[in-house]
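S.K.: This is the structure I have questions about; it appears just below.
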Amino acid sequence: MPRSIPRPRFARWVRLHRLLLVRAAVRRLKASHQWLPSWGTSLLVHGIALLLLALIYLGSSKDNAREPKFNGEFYPARVQGEGFISLSPGDKAGDPLTTETSRDFPSFSFGPTAPQEPRVSQPSVPPGVKLSTTFRPARAVPLAGMKLSDSIATRIHFEEMSAPFAGRDDAMRARLVRREGGSVESEKAVQLGLDWIARHQRADGAWTLDYHAQCSDPPCPDEQPLTSDTAATGLGLLPLLGAGHIHTKESRYQDNVKRGLDYLILHQNPEGEVFIGGGGNTRFYSHAIAAMALCEAYGLSKDPRLKIPAQRAINFIAKNQNLDDGGWRYFPGQAGDTSVFGWQMFALRSGKLAGLEIPKRTIQGCKLFLDRVATDKGRTAYAYTVGAESKPVMTAEALLCRQYLGWPNDFSPLLKGAKSVYDHLQVSNERNIYYWYYATQMLHNLQGKEWVAWNKKVRDGLVSMQVVGGGCDRGSWDPRSPQPDRWGLVAGRLYVTSLSILTLEVYYRWLPLYRSTDERSDPKAINDAREEANAAPGPRATTPKRKGR
């Protein structure tokens with residue numbers, strides 16, 4: 001049996017052997033590259049050695065597994081897959097917030113359910129389109145109900161449209177309206193609303209909350225809302241952008257969008273803020289709404305002239321996040337509130353989906369704020385500010401933020417919180433478009449029977465409340481009638497009209513957050529619920545709708 005070599009001697013032998021191998025390699029390099037001087041060979045060898053050492057260190061470093069810091073503290077992600085709104089690699093497109101897969105169709109029912117279609121938290125995409133960071137044509141397979149020639153034209157248009165915004169394409173928009181629960185009447189209401197918004201744009205491209213100088217005869221009813229031209233311009237642009245109108249594509253509202261964007265860019269200050277003054281606590285609301293418009297316009301058009309203004313607007317939001325609680329409020333440095341926080345976070349999301357840079361520290365701060373404003377350990381209910389009592393409106397807004405921060409669709413706190421919002425909506429008699437706007441998006445992301453029921457109620461209710469007739473106010477939503485809106489008397493008709501249109505655009509403004517893992521239609525249980533809801537008479541406003549003058 002051979003005698004074993006002592007460990008110290010063996011180690012010296014290994015080091016000597018490696019040294020001889022390196023010297024042999026150097027001699028071969030010199031022989032094959034006579035033109036390379038000796039110092040160059042040495043530099044090359046040492047550079048390769050340093051690179052290898054660096055790779056070994058990075059691969060084994062424990063620090064590498066840590067999450068980014070926020071205000072000097074590590075913030076643990078307590079939900080597997082919890083992330084943010086970053087665009088995915090080339091094999092995942094749209095708005096993928098997590099790679100979690102649930103084999104249960106989301107529902108608020110806590111009893112046994114029938115087997116349902118598997119879903120993941122990634123958006124649906126049209127058949128015949130390759131899944132990547134932008135839509136690329138795969139093969140000539142027409143969409144359902146379309147001719148082959150129409151399908152080819154649709155896929156060509158998709159080529160340069162970023163995936164998260166692709167639902168706003170004309171053909172895809174029509175398909176999503178049918179599939180997601182829209183109607184002919186809801187789309188007509190959107191069009192009438194966009195006409196009212198376009199008619200009330202100022203000559204300089206801005207919109208204003210006090211729009212009466214732009215009214216025709218007879219004018220819209222008198223109101224005395226707050227003033228903020230940048231907020232109003234964002235509110236004017238967002239519904240137009242939500243329907244796919246952009247300044248680089250010929251359409252009915254192309255010029256309206258172009259002039260509105262020019263106004264926002266002209267009034268952006270060197271710090272990136274888009275605010276020129278206004279009444280009340282409108283500063284950070286105004287900037288976030290304007291930033292959303294800039295980011296969505298850039299995401300839709302990829303116009304390079306918009307990239308810098310949009311990125312600067314995002315940078316201003318990130319720079320002014322409160323470092324103690326991760327929120328935002330009316331002015332820089334204030335402790336956050338959930339209402340202002342939500343607008344900032346949705347601006348960040350629009351920016352990220354458009355391909356702009358969002359600091360990781362800002363994302364961690366968003367998670368921190370939501371944890372602090374939660375009113376229960378389960379994180380199912382949320383307050384306006386830290387330490388206050390929970391409110392259904394704030395819960396709806398916070399849970400929508402949670403969805404965009406990566407909570408999977410079968411996560412128990414999300415389902416319990418969403419059910420509490422849904423239950424409250426069924427008994428609340430208050431007209432509050434701010435509440436409806438956030439709750440509709442949150443419930444639409446989850447789908448399920450509750451979404452079907454709520455969708456019919458809010459869709460048909462908004463259609464019934466829209467002003468019709470021949471007056472200047474046709475197509476708008478009156479903040480006073482058929483009953484006063486919770487914030488409409490303060491923010492005015494443009495605000496109520498803009499959020500009403502955005503709520504009716506929920507079917508296509510963003511692709512569905514939780515995507516089916518196959519291309520089948522909705523599960524039978526959901527279809528049955530939709531048929532039952534459509535067969536029942538929909539709730540209407542308690543007073544007759546306004547007929548105009």
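The values are calculated or read from the model by the stated rules, or taken from the named source; none is laboratory data. Every value quoted in this text rests on a predicted model; they were computed, and no experiment measured them. Here the Cβ is made from the backbone with ideal geometry for all residues, glycine too, and neighbour counts use every protein chain on show.
S.K.: Let me spell it out: the conditions are (1) closer than 25 Å to Val427 by Cα; (2) out of contact with any Phe, Trp or Tyr (no Cβ under 8 Å at 6 or more places or on another chain); (3) not acidic (Asp, Glu), and Val468 meets all of them except one. Which number is the exception?
M.R.: (1)
S.K.: Within region 406-433, can you find the residues that are assigned to a helix (DSSP H, G or I), touching a Leu at 6+ places or on another chain (Cβ under 7 Å) and in contact (Cβ under 8 Å) with a residue 60 or more places away in the chain?
M.R.: Ala418, Tyr422, Ile433
S.K.: Looking at region 339-355, is at least one residue modelled with pLDDT under 95, surrounded by fewer than 24 Cβ atoms within 10 Å (Cβ to Cβ) and not in a helix (DSSP H, G or I)?
M.R.: yes
S.K.: I would also like to ask the following. Run Gly471 past the list (1) touching a residue at least 60 places away in the same chain (Cβ under 8 Å); (2) assigned to a helix (DSSP H, G or I) and report the number of the one that doesn't hold.
M.R.: Of the numbered conditions (1) touching a residue at least 60 places away in the same chain (Cβ under 8 Å); (2) assigned to a helix (DSSP H, G or I), the odd one out for Gly471 is (2).
S.K.: Let me ask something else. Is region 265-286 home to any residue that is over 19 Å from Gly167 (Cβ atoms), in contact with an Asp or Glu (Cβ under 8 Å, 6 or more places away or on another chain) and of a type in the set (A, V, I, L, M)?
M.R.: yes
S.K.: List the pairs whose first member sits in region 265-294 and is more than 19 Å from Gly342 (Cβ to Cβ), whose second member is surrounded by fewer than 18 Cβ atoms within 10 Å (Cβ to Cβ) and basic (Lys, Arg), and whose Cβ atoms are under 9 Å apart, counting only residues at least 6 apart or on separate chains?
M.R.: Ile265/Arg305; Glu271/Lys319; Gly272/Lys319
S.K.: Touching a Leu at 6+ places or on another chain (Cβ under 8 Å), basic (Lys, Arg), modelled with pLDDT of 95 or more and outside any helix (DSSP H, G or I) - does that describe any residue in region 374-381?
M.R.: yes
S.K.: Another question, if that's okay. Taking the conditions exactly as written (among the aliphatic types (A, V, I, L, M), at pLDDT 95 or above and more than 30 Å from Lys249 (Cβ to Cβ)), does Leu368 satisfy them or not?
M.R.: Here the answer is yes, as Leu368 does meet what is asked.
S.K.: On the basis of being surrounded by fewer than 15 Cβ atoms within 10 Å (Cβ to Cβ), more than 26 Å from Gly461 (Cβ to Cβ), touching a Cys at 6+ places or on another chain (Cβ under 8 Å) and of a type in the set (D, E, K, R), does Asp204 make the cut?
M.R.: no
S.K.: Continuing with the same structure: Any idea which of (1) under 17 Å from Trp477 (Cβ atoms); (2) part of a helix (DSSP H, G or I) is the one Thr233 doesn't satisfy?
M.R.: Of the numbered conditions (1) under 17 Å from Trp477 (Cβ atoms); (2) part of a helix (DSSP H, G or I), the odd one out for Thr233 is (1).
S.K.: Quick one: Ile308 ticks every box in (1) under 26 Å from Gln201 (Cα atoms); (2) surrounded by fewer than 19 Cβ atoms within 10 Å (Cβ to Cβ); (3) touching a Ser or Thr at 6+ places or on another chain (Cβ under 9 Å) except a single one, so which number is it?
M.R.: Of everything listed in (1) under 26 Å from Gln201 (Cα atoms); (2) surrounded by fewer than 19 Cβ atoms within 10 Å (Cβ to Cβ); (3) touching a Ser or Thr at 6+ places or on another chain (Cβ under 9 Å), Ile308 misses just condition (3).
S.K.: Which of the numbered conditions does Val506 fail, given that it passes all the others? Conditions: (1) of a type outside the set (Asp, Glu); (2) in a helix (DSSP H, G or I); (3) at pLDDT 95 or above.
M.R.: The number of the failed condition is (2).
S.K.: Out of Phe284, Phe331, report the one residue that is surrounded by fewer than 20 Cβ atoms within 10 Å (Cβ to Cβ) and of a type in the set (Phe, Trp, Tyr).
M.R.: Phe331
S.K.: Out of (1) closer than 28 Å to Ile246 by Cα; (2) modelled with pLDDT under 95; (3) surrounded by fewer than 22 Cβ atoms within 10 Å (Cβ to Cβ), the odd one out for Leu323 is which?
M.R.: Among (1) closer than 28 Å to Ile246 by Cα; (2) modelled with pLDDT under 95; (3) surrounded by fewer than 22 Cβ atoms within 10 Å (Cβ to Cβ), the lone unmet condition for Leu323 is (1).
S.K.: Take region 440-498 and flag every residue that is under 17 Å from Ala232 (Cα atoms) and within 22 Å of the chain's Cα centre (by Cα).
M.R.: Matches in region 440-498: Tyr495, Val496, Thr497, Ser498.
S.K.: Scan region 464-474 for residues that are among the β-branched types (Val, Ile, Thr) and surrounded by fewer than 23 Cβ atoms within 10 Å (Cβ to Cβ) and jot them down.
M.R.: The one that is among the β-branched types (Val, Ile, Thr) and surrounded by fewer than 23 Cβ atoms within 10 Å (Cβ to Cβ): Val468.
S.K.: Here's a check for you: in region 250-266, which residue that is closer than 14 Å to Gly236 by Cβ and in contact with a helix residue (DSSP H, G or I) (Cβ under 7 Å, 6 or more places away or on another chain) is surrounded by the most Cβ atoms within 10 Å (Cβ to Cβ)?
M.R.: Among those that are closer than 14 Å to Gly236 by Cβ and in contact with a helix residue (DSSP H, G or I) (Cβ under 7 Å, 6 or more places away or on another chain), it is Gly260.
S.K.: Quick check on my filter: what residues within region 162-186 are out of contact with any helix residue (DSSP H, G or I) (no Cβ under 8 Å at 6 or more places or on another chain) and of a type in the set (A, V, I, L, M, F, W, C)?
M.R.: Ala163, Ala174, Val184
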